[in-house]
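Read through the structure below, which is laid out as structure tokens, and then see the notes.
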Amino acid sequence: MLFDLTDLRLFILIAELNSLTRSAERMNLSLAATSNRIKELEARFGMRLLYRESKGVQLTPAGQTFLSHAQQFMQQVERLKGDMQQYNNGIKGYIRIFANTTAVTEFMPEILGKFLTLHPQVNVALEERLNHDIMRGIQEGTADIGIVAGPVQGEGLEILNFSTDKLILATALEHPLAGVGKVTFAETLEYEHVGLHEGSTLHHFLNRIVSESGQRLKLRIQVRSFEAMCRMVETNVGIGIVPQSAALRHKQTMQLSLVELSDPWSVRERSMVVQSLDALPLYARDLVEFIRQQTAQVPPVPVEKEAA
């Protein structure tokens, strides 16, 4: 055989850390043993996989190809372990999820809480990522399930629509736009906004919309969560574009006016993305179906039409 699982794990780690030394430490190998393993791999394939540089190592084009196959191979190994774990109570399943801001902060915590209670042998890693990072994570096999909102394209991936959400405008009760019924996003740009942090999916999405229109978003403050956004909006620091599901939840405890956006892009399909549903471990397929069931149980609630 050209390589073993240790070779693959080691190479993936080297690609992540760009360092033979740190990878050796993480794998509990000596630096000499680590270097020899890479040299043997290169000798077996008859080509260089790494560029050795003073600041670390970088993958060659051949190394990039080897990395892609190594990640896919290791993902298959994890799937095999997962499917077999149902026969051994001592083994736990592990699901890696990359998701957008709304999923991470709004509906996934409740869904995962229920799922993990029903599946005590399964562990989950949930990470907030941007849409393009989510898609890349699924393609490269660093995540098992991706959750995105809005139109997505992933050649060779399965995209499973599971619910719909809508972006709306939240304002303080005394704001000029409170209770107007409908507005366009462009009409909100003359006012100061409360936004999410730089790394959030929604921030990047709205910035792209503004850039394409040639206008500017007046950000008064940026915060880390939809709850913080709504609290700032409530005190009239600014107005905010938020998912309807989050706005309706926070409106129960805050003094907010919710205004519908008439822009077509405000309606967003939520989708799960996987490499192949059939290839996922049984417990990961169970989670995909559980997410579908849980989100189907909650019908979309219309924005309250407030009197002008």
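The values are calculated or read from the model by the stated rules, or taken from the named source; none is laboratory data. Every value quoted in this text rests on a predicted model; they were computed, and no experiment measured them. Note that we place each Cβ from the backbone using ideal geometry, even for glycine, and neighbour counts take in every protein chain shown.
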(message) I need the full set of residues from segment 125-167 which are over 20 Å from LEU202 (Cβ atoms) and among the acidic types (Asp, Glu), in order please.
(response) GLU140, ASP144, GLU155, GLU158
(message) Regarding segment 74-96, can at least one residue be identified that is modelled with pLDDT of 90 or more, in the same structural domain as VAL273 (by TED's automatic domain parsing) and either crowded, with 16+ Cβ neighbours inside 10 Å or farther than 30 Å from VAL273 by Cα (or both)?
(response) yes
(message) I'm checking my understanding of the structure. Among residues of segment 147-186 that are surrounded by fewer than 16 Cβ atoms within 10 Å (Cβ to Cβ) and among the acidic types (Asp, Glu), which one is farthest from LEU248 (Cα to Cα)?
(response) GLU155
(request) Scan segment 287-302 and give yes if some residue there is modelled with pLDDT of 90 or more and in a strand (DSSP E or B), otherwise no. (result) no
(message) Just to be sure before I move on: is GLU127 outside any strand (DSSP E or B), closer than 30 Å to THR21 by Cβ and among the acidic types (Asp, Glu) in the structure I sent?
(response) no
(request) Could you run through segment 122-146 and say how many residues are in contact with a Lys or Arg (Cβ under 7 Å, 6 or more places away or on another chain) and surrounded by 19 or more Cβ atoms within 10 Å (Cβ to Cβ)? (result) 4
(request) Could you tell me which of the residues ASN18, ASN36 is exposed (fewer than 13 other Cβ atoms within 10 Å of the Cβ) and at pLDDT 90 or above? (result) ASN36
